[in-house]
Amino acid sequence: MLFRSLNVRKHNWTELPKEIQEMNALKVMRINYGPLEVVPDGIDTSFSKVSVLDLSYNALTEVPESVGNMGINTLQLANNKLNELPDSVWGNDYVFHLELDNNNISLIASSIRSAKSLGRVYMSNNSLVNLPNELFDLSVITMIVDGNKLNNIPSRIGVAKSLRYIKFNNNNNISIVPEEIGNLVKLSMLDVRNNAIESLPTSMVNLKSL
């Protein structure tokens, strides 16, 4: 029997059992709420058909380069212990939905310029101090970066015309919303609560969908 989907919750594995590593027909892999510490290198070969990889709510401190070589459109690594990701993950050409909430990641690598399919980025409650210009050159629709250590919204955001949902709220230290925000004519949600903002730019009158 060929298994196409694997959903495991509240496990006690620190690494993937051998039996799972032999399920090479999987398209969806969800392993959550456990002490998983290791993603096997070569996962791109063992699980070449996986399009949804959800390893959130585990104890991962790193992921191998091979994760970034997978043809996945959804990658969920939230609620782990990650400090960084390899360039291959940031620059994955297939990922549309990237979920990294509640880790300790301080950098979005410039290799994200290659993530041409990226549409949704969730990075709440990490340690980001800035956002790279390359992120705004993509066709991102949703950008959730609340609860970080950001002190500005880059003016480059004005070129990200596909953006519809943005969250910069909570525990950031942003004082200025740039005039370029007014270029985001598709924007329907902007959350900048709990920052140090004293005024909003006049260009926001252009945001008819907000």
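Could you check, for the stretch 87-96, whether at least one of its residues is open to solvent by 50 Å² or more (accessible area, probe 1.4 Å), over 27 Å from Lys49 (Cα atoms) and not acidic (Asp, Glu)? There is no residue in the stretch 87-96 that is open to solvent by 50 Å² or more (accessible area, probe 1.4 Å), over 27 Å from Lys49 (Cα atoms) and not acidic (Asp, Glu). Restricted to the stretch 165-210, and to residues there that are among the hydroxyl-bearing types (Ser, Thr, Tyr) and surrounded by 15 or more Cβ atoms within 10 Å (Cβ to Cβ), the residue that is modelled with the lowest pLDDT is Ser203. Exactly one residue among Leu128, Leu210, Leu190, Leu150 is over 26 Å from Asp87 (Cβ atoms) and in a loop (DSSP other than H, G, I, E, B), and that residue is Leu210. All told, Ala78 meets the bar of being open to solvent by less than 80 Å² (accessible area, probe 1.4 Å), within 29 Å of Lys116 (Cβ to Cβ) and either in contact with a Pro (Cβ under 9 Å, 6 or more places away or on another chain) or not charged (D, E, K, R) (or both).
When the residues of the stretch 113-125 are filtered to those that are outside any loop (DSSP other than H, G, I, E, B) and over 23 Å from Asn173 (Cβ atoms), the one that is most open to solvent (accessible area, probe 1.4 Å) is Arg113. Restricting attention to the stretch 1-27, which residues are within 19 Å of Pro64 (Cα to Cα), within 26 Å of the chain's Cα centre (by Cα) and of a type outside the set (S, T, N, Q)? Selection gives Trp13, Glu15, Leu16, Ile20.
Across the stretch 162-179, what is the total count of residues that are touching a helix residue (DSSP H, G or I) at 6+ places or on another chain (Cβ under 7 Å) and assigned to a loop (DSSP other than H, G, I, E, B)?
Filtering the stretch 162-179 down to residues touching a helix residue (DSSP H, G or I) at 6+ places or on another chain (Cβ under 7 Å) leaves 178-179.
Next, only the ones that are assigned to a loop (DSSP other than H, G, I, E, B) stay: 178.
Of the residues in that region, 1 qualify.
For the stretch 97-110, residues that are open to solvent by less than 20 Å² (accessible area, probe 1.4 Å) and in contact with a helix residue (DSSP H, G or I) (Cβ under 8 Å, 6 or more places away or on another chain) total 2. The residues of the stretch 125-156 that are touching a strand residue (DSSP E or B) at 6+ places or on another chain (Cβ under 8 Å) and under 20 Å from Ile105 (Cβ atoms), listed by number, are Leu135, Val140, Thr142, Met143, Ile144, Val145, Asp146. If the condition is being more than 14 Å from Gln21 (Cβ to Cβ) and in contact with a strand residue (DSSP E or B) (Cβ under 6 Å, 6 or more places away or on another chain), then the stretch 37-52 contributes only Val52. Contact map, the stretch 134-147: residues that are within 15 Å of Ile181 (Cα to Cα) and in contact (Cβ under 8 Å) with a residue 24 or more places away in the chain paired with residues that are open to solvent by 20 Å² or more (accessible area, probe 1.4 Å) and part of a helix (DSSP H, G or I), Cβ distance under 7 Å, separation 6+ or inter-chain. Pairs shown: Phe136/Arg156; Phe136/Val159; Asp137/Arg113; Asp137/Val159.
The values are calculated or read from the model by the stated rules, or taken from the named source; none is laboratory data. Small disclaimer: the values here were computed from a predicted structure and weren't measured. When we count neighbours, we look across all protein chains shown, and the Cβ atoms used for this are built from the backbone with ideal geometry, even at glycine. These area figures cover heavy atoms from the full protein model, side chains too; ligands, DNA and RNA do not enter into them. Shrake-Rupley method; radii C 1.70, N 1.55, O 1.52, S 1.80 Å.
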